[in-house]
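Down below is the structure, laid out as structure tokens.
The values are calculated or read from the model by the stated rules, or taken from the named source; none is laboratory data. Note that the structure is predicted; figures quoted are calculated from it, not measured. Cβ placement follows ideal geometry from the backbone for every residue including glycine, while neighbour counts extend to all protein chains displayed. Please note that ligands, DNA and RNA were not included when accessible areas were found on the heavy atoms of the full protein model with its side chains. Shrake-Rupley method; radii C 1.70, N 1.55, O 1.52, S 1.80 Å.
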Amino acid sequence: MKILVPLDGSESSMRAVDQVIKEIDLLKQLPEIHLINVQHHVGGLVGTFVNSELIKQYRDDEGMAALKPAMQRLDAAGVRYQYRIGVGNEAEVIADYVRETGCDRIIMAARGTGGLARMLLGSVASQVVELSPVPV
């Protein structure tokens, strides 16, 4: 079994990691854990004024900052994992990663967004449910 855990650095996403750690004890074989953080694509005017290497370094630093707490919890629990920092639309990158790696399910938290923003934009979790070929 392959489980994907999308992380944004929030405490809500850390609860998803805690859930994965709890579920491992219930499984007959150890799952393959995948962690992913998705950074927004930076282009347009920013790309005109900022070196592309600096933009890449910034995305990598922000991605690792979001992933590090989960990596520390999994390390402490003795759980092996692999990780990726993606770039683009969060839900699309997550769904593409699932297809690419053959993950069997996604465990993620729905991060609280303000009422109007959520109504207009929808949550990433809702979008992942719509796009994902596997249970979320």
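What accessible surface, in Å², does a 1.4 Å probe find on LEU27, ignoring ligands, DNA and RNA and rounding to the nearest 10?
60 Å²
I need the calculated FRET efficiency for the pair MET64 and LYS2, taking r as the beta carbon distance and R₀ as 25 Å, to the nearest 0.05.
The calculated FRET efficiency here is 0.70.
Heavy-atom accessible area per residue, the chain, 1.4 Å probe: how many Å²?
Counting only protein heavy atoms, the per-residue value for the chain is 60 Å².
Given R₀ = 22 Å, what would the calculated FRET efficiency be for GLN19 paired with THR101, taking r from the Cβ atoms and rounding to 0.05?
0.65
Which value in nm describes the separation of the simple spin-label points at GLU130 and LEU27, placed 7 Å from the Cα toward the beta carbon?
Going from the GLU130 label point to the LEU27 one covers 2.9 nm.
Sum up the charges of everything whose Cβ sits under 15 Å from the Cβ of GLU32, counting Lys and Arg as +1 and Asp and Glu as -1, but leave GLU32 out.
Values: positive: LYS2, LYS28, ARG80, ARG84, ARG105; negative: GLU23, GLU100, ASP104.
Net charge around GLU32: +2.
How long are the three semi-axes of the equivalent ellipsoid of the chain, in whole Å, if each is the root of 5 times an eigenvalue of the C-alpha gyration tensor, listed from largest down?
One finds semi-axes of 26, 18, 14 Å for the chain.
Find the relative contact order for the chain and round it to a whole percent, using C-alpha pairs within less than 8 Å whose residues are 6+ positions apart.
35 percent
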